[in-house]
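Presented below is the structure to which this report refers.
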Amino acid sequence: MSSSCKVILVLADYHTSLFNAALLIGIISVISAKLIPKLNGLLKYGKTLDVGSVTKWKWLYVPKSWFLHFYILDLTWALSGLLLIGLKSSRSSIILLFNFVQASRRIYECAYVSKFAEYSKIHLSHYLAGILFYTIANLQIIAPHILANVPDGSETTVPQWSALLASSLFMMGSIDQFVNHCHLANLKKYTAPSFGLFRYVVCAHYFDEILIYLAEYVILQNSTSFLIVIWVIVNLGTSAYETRSFYTEKRFLVGPYIMIPMVW
C-alpha cells in the first residue's frame, strides 16, 4: 500500500478526533489568554485594543477588515461541499446551506454595512484562529464524504422537529444579527448600542451568532458541532466581556447582561 493511501486511511479513521482536538486546543488557548494577564492583549481587537500594543508590535496585527477573509473561505468551503455532496445527505446539505447563507450575508455586510476604521486591528493569532474555525466548520461535513466514510443512503433524513427548530434558530439569529450589525454600523461615535436586544444585552449580535451555530448542532448532534458551539461561546464571550469593560470605563449605559439574555 502506498504512503498516500495510508495517510488517507488514517484521516478517514481519525478526522473527527483531529477536528475535536484542534477545537479543544483553541478553546483552552482562549481561556488561558483570559486567565493570564500578560496574554490578555491577544483577545482584544477593534475598539477594545490598546493602540500602544499595535504600535509596538505592529507586525503581529492585521486589519480588522480582514474578517472578510473568514467569510470568503467559509463561502468557498460551503459551495464546494454543496457541489460535491449535492442532496445525498440532507444533514450535510442543510449545514452547508446554512454556512453558505451565513457567509454570503457576512460578505455583504463587510462590503456594504460594516465600517472598519483604518486603525482597527486584530491580532495575527486571532486571524489564524478564525481561518481554522471556518475550515473545521465545513470540513467536519465534507471530510467524511471525501474519505468515503459516509455510505450511500446514510444520513438522508432529518427529524421534522429538529429541522424546524434548527431552521427557526438559524433564521432568527441571522435576521437579528443583520439588523444589529446595521445598527452598530450607524452608531454615532462615543455612543453605545441601544436598539432591540441591545437594551438588555451588551453584545446582542454575539448572542445571534450562538443561535446560528446552535442551529447546526440541532441538526448534527455530534461532538464536533458541540465543540464548535462551545468555541463560539468562549471566544465571543471573552470579546463580549472586554466590550462590557470598555463601555463601563467610558461610562456608557448598557444592558444588564453581557451576551446571553437572563443568563450572563
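Details
- Condition check for PHE116 on (1) in a helix (DSSP H, G or I); (2) hydrophobic (A, V, I, L, M, F, W, C); (3) free of Cβ contacts under 8 Å to residues at least 60 places away in the same chain; (4) touching a helix residue (DSSP H, G or I) at 6+ places or on another chain (Cβ under 7 Å): one failure, at (1).
Let's see how each residue does on (1) outside any helix (DSSP H, G or I); (2) without any contact (Cβ under 8 Å) to a residue 24 or more places away in the chain; (3) over 21 Å from VAL229 (Cα atoms); (4) out of contact with any Lys or Arg (no Cβ under 7 Å at 6 or more places or on another chain):
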residue	(1), (2), (3), (4)
LEU83	no, yes, yes, yes
LEU96	no, no, no, yes
ILE107	no, no, yes, yes
ILE122	yes, no, yes, no
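- Remark: SER65 matches the filter, which requires a residue to be crowded, with 16+ Cβ neighbours inside 10 Å and hydroxyl-bearing (Ser, Thr, Tyr).
- SER239, sole failed condition from (1) more than 30 Å from ILE141 (Cβ to Cβ); (2) out of contact with any strand residue (DSSP E or B) (no Cβ under 9 Å at 6 or more places or on another chain); (3) small (Gly, Ala, Ser): (1)
Okay, residues lined up against (1) out of contact with any Asp or Glu (no Cβ under 8 Å at 6 or more places or on another chain); (2) at pLDDT below 95; (3) surrounded by fewer than 19 Cβ atoms within 10 Å (Cβ to Cβ):
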residue	(1), (2), (3)
ILE122	yes, yes, no
SER125	yes, yes, yes
LEU169	yes, no, no
TYR200	yes, yes, yes
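- Out of LEU39, LEU79, sole residue that is at pLDDT 65 or above, over 30 Å from LEU96 (Cβ atoms) and touching a helix residue (DSSP H, G or I) at 6+ places or on another chain (Cβ under 9 Å): LEU39
- Screening the candidates LEU214, LEU220, LEU184 for the property of being under 14 Å from the mean Cα position of the chain (by Cα) and at pLDDT 90 or above yields one hit, LEU214.
- Residue, surrounded by the fewest Cβ atoms within 10 Å (Cβ to Cβ), within region 208-264, restricted to residues that are basic (Lys, Arg) and either in contact with a Pro (Cβ under 9 Å, 6 or more places away or on another chain) or not in a helix (DSSP H, G or I) (or both): ARG251
- For region 176-186, the criterion of a residue being crowded, with 22+ Cβ neighbours inside 10 Å and touching an Asp or Glu at 6+ places or on another chain (Cβ under 6 Å) is satisfied by at least one position.
The values are calculated or read from the model by the stated rules, or taken from the named source; none is laboratory data. Just so it is clear, the model here is predicted, and its values are computed rather than measured. All Cβ positions, glycine included, derive from the backbone under ideal geometry; neighbour counts span all protein chains shown.
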